[in-house]
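To keep things clear, I will list the structure first and then write my remarks on it.
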Amino acid sequence: PPIEGDFYHLGDEALKDEDRALQLKVRAFLEAEVKPIVNEYWNRAEFPFEIIPKLAELNICGLTYKGYGCPGKSNLMEGILAMEMARIDTSISTFFGVQSGLAMGSIYLCGSEEQKQQWLPQMQKFKVIGAFGLTEPEVGSAAAGGLTTTCKRVGDKWVLNGQKKWIGNATFADILIIWARDEADNEVKGFIVKKDNPGFAVEKMKDKMALRIVQNGIITLTNCEVEEVDRLQNANSFKDTAKVLQMTRAGVAWQAVGCARGAYENALDYTRTRKQFGKPIASFQLIQNHLVEMLSNLTAMQTLCFRLSQLQDQGLLKDEHASLAKVFCSLRTRDVVSKAREVMGGNGILLEYNVARFVADAEAIYSYEGTKEINTLIVGRAITGFSAFV
Ligand code: FAD
């Protein structure tokens, strides 16, 4: 019987031959190089830097961007690869999403031609690592109107002051996209801050119970000086920040699918070999009920994300489309991983059985890139015409 969680053949039927080959190549890399090491790194809350050159060789970073050394492939392909990564490890998929989506995407969507040429080719090859700093210690969901980090123009420079929290890759990033409110016109602007800029400091966040491989940092900007040439030249208000988030939110929905799929496949495999009362537990009706519920959710998520990426590829994606997918998938994923853990009994909470990590990591997916409530309010506003944010 098939163990793979692609029940409606979305991968093998819908992709062009070359894209399917790329999917399988990325999967083979993840199975061989990432799967064997992730539990140990997750346990130690450290990042496996040795995989970065191998990830670079796959040539999948900045997958959808046109030019600047990027492959220019479809959003569907990018979504499927985000799923493949999260299927093995959601932290690695998050590291990749921050680099390829949030950091490179900010430059691709909001940078000048010079800025794109300066940074994107190097980031595509992972020679420069990026981070994305929007959230603050006191401002998470309310980032649109509430950023307290400020920027002030002084001659050819800008001076930034404030703090950022939860910033993925921040402890080792070479450049960090920092979003700050202009003291002069009150609009949000974006900056490419280099790690050695005067006034920049970062501290690793410790003791996380999810995505432990992702190195999240607290950034402190104390009269941090940034040259005008390093201000994102086409980021003029939070609407521009939101363009980046709309694009990456679709990727997070796919990531949720991968997290659920990894847990489902590992649990299904386990139930077929684990015996109780002299029989494989997969032969019991109640266990099959759990497995089928998991597969239903997984298949619904996959088909939803598939259509989401088609909309994106057709240029029809709206905020509410991405938000609906993010809400649905992060909610269903929580359900799938908890059932996967349940059918494994005690072993479901041991890292070595490759489900416990997914259970924990689903909690981070649930909250980042807009919580369930915030994405619900985005959809609610779109379908009713009333904003319920404040
Ligand atoms: P809060 O905004 O304080 O929300 C707390 C609760 O209140 C939530 O349930 C929320 O839904 C609810 N709530 C808030 N407002 C409303 C409302 N109007 N109506 C109803 N309910 C409401 N940020 C970055 O900038 N860069 C990163 O790289 C990054 N990486 C992250 C990685 C991880 C592992 C995590 C956990 C977070 C990361 N974040 C990052 C931050 C993330 O985007 C925020 O955690 C998220 O936006 C929620 O903000 P908050 O945690 O401050 O929660």
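Only the coordinates and a few stated rules stand behind these numbers; no lab work does. On a predicted model such as this, the values are computed, not experimentally measured, just so you know. Please note: Cβ atoms are built from the backbone with ideal geometry, for glycine as well, and neighbour counts cover all protein chains shown.
Viscosity 0.692 mPa s, temperature 37 °C: Stokes-Einstein D of segment 282-390 from its Kirkwood Cα radius, in µm² per second? Using the Kirkwood radius from Cα pairs, D works out to 212 µm²/s. Each of 237, 323 was scored by other Cβ atoms within 10 Å of its Cβ. Arranged with the fewest first, they read 237, 323. Taking Cα atoms only, the orientation of helix 17-29 departs from the longest principal axis of the chain by about 80 degrees. One Cα centroid belongs to segment 125-174, the other to segment 313-375; the line between them spans 26 Å.
Rounded to the nearest Hz, the phi-derived 3J(HN,Hα) couplings of segment 262-278 under the Karplus curve 6.51 cos²θ - 1.76 cosθ + 1.60 (θ = phi - 60°) are x, 5, 4, 5, 5, 5, 4, 4, 4, 5, 7, 10, 6, 10, 9, 6, x, where x marks glycine and proline. Calculated on the alpha-carbon coordinates, the convex hull of segment 266-327 measures out at 80 cubic angstrom per residue. Charge dipole (Cα centre; +1 on Lys/Arg Cβ, -1 on Asp/Glu Cβ; no other charges) of segment 170-303 amounts to roughly 1100 debye. Think of segment 251-374 as a dipole: +1 on every Lys or Arg Cβ, -1 on every Asp or Glu Cβ, centred on the Cα centre; then among 263, 310, 290, 290 lies furthest on the positive end.
Taking 25 Å as the straight-line reach from the Cα of residue 152, the lysines in range (excluding those fewer than 8 positions away in the same chain) are 116, 164, 165, 189, 194, 195, 239, 243.
Choose one of 247, 119, 91: the residue whose Cα lies farthest towards the positive end of the charge dipole of the chain (beta-carbon charges +1 Lys, Arg; -1 Asp, Glu; about the Cα centre). Among 247, 119, 91, the one farthest towards the positive end of the dipole of the chain is 91.
When 38, 193 are sorted by how many other C-beta atoms sit within 10 angstrom of their C-beta, beginning with the fewest, the order is 38, 193. Put simply, the convex hull of the Cα atoms in the chain casts, on average, a shadow of 19.2 nm².
Protection proxy ranking, highest mean first, for peptides 67-74, 256-263, 168-175: 256-263, 168-175, 67-74, where packing is the per-residue count of other beta-carbon atoms within 10 Å, averaged.
Assigning unit charges at the beta carbon (Lys, Arg +1; Asp, Glu -1) and nothing else, what dipole magnitude in debye, to the nearest 20, does segment 272-348 show about its Cα centre? Here the size comes out at about 440 debye.
In this Cβ point-charge picture (+1 for Lys and Arg, -1 for Asp and Glu), segment 28-160 has a dipole of about 380 debye about its Cα centre. Projected onto planes of every orientation and averaged, the convex hull of the alpha-carbon atoms in segment 25-97 covers 4.7 nm².
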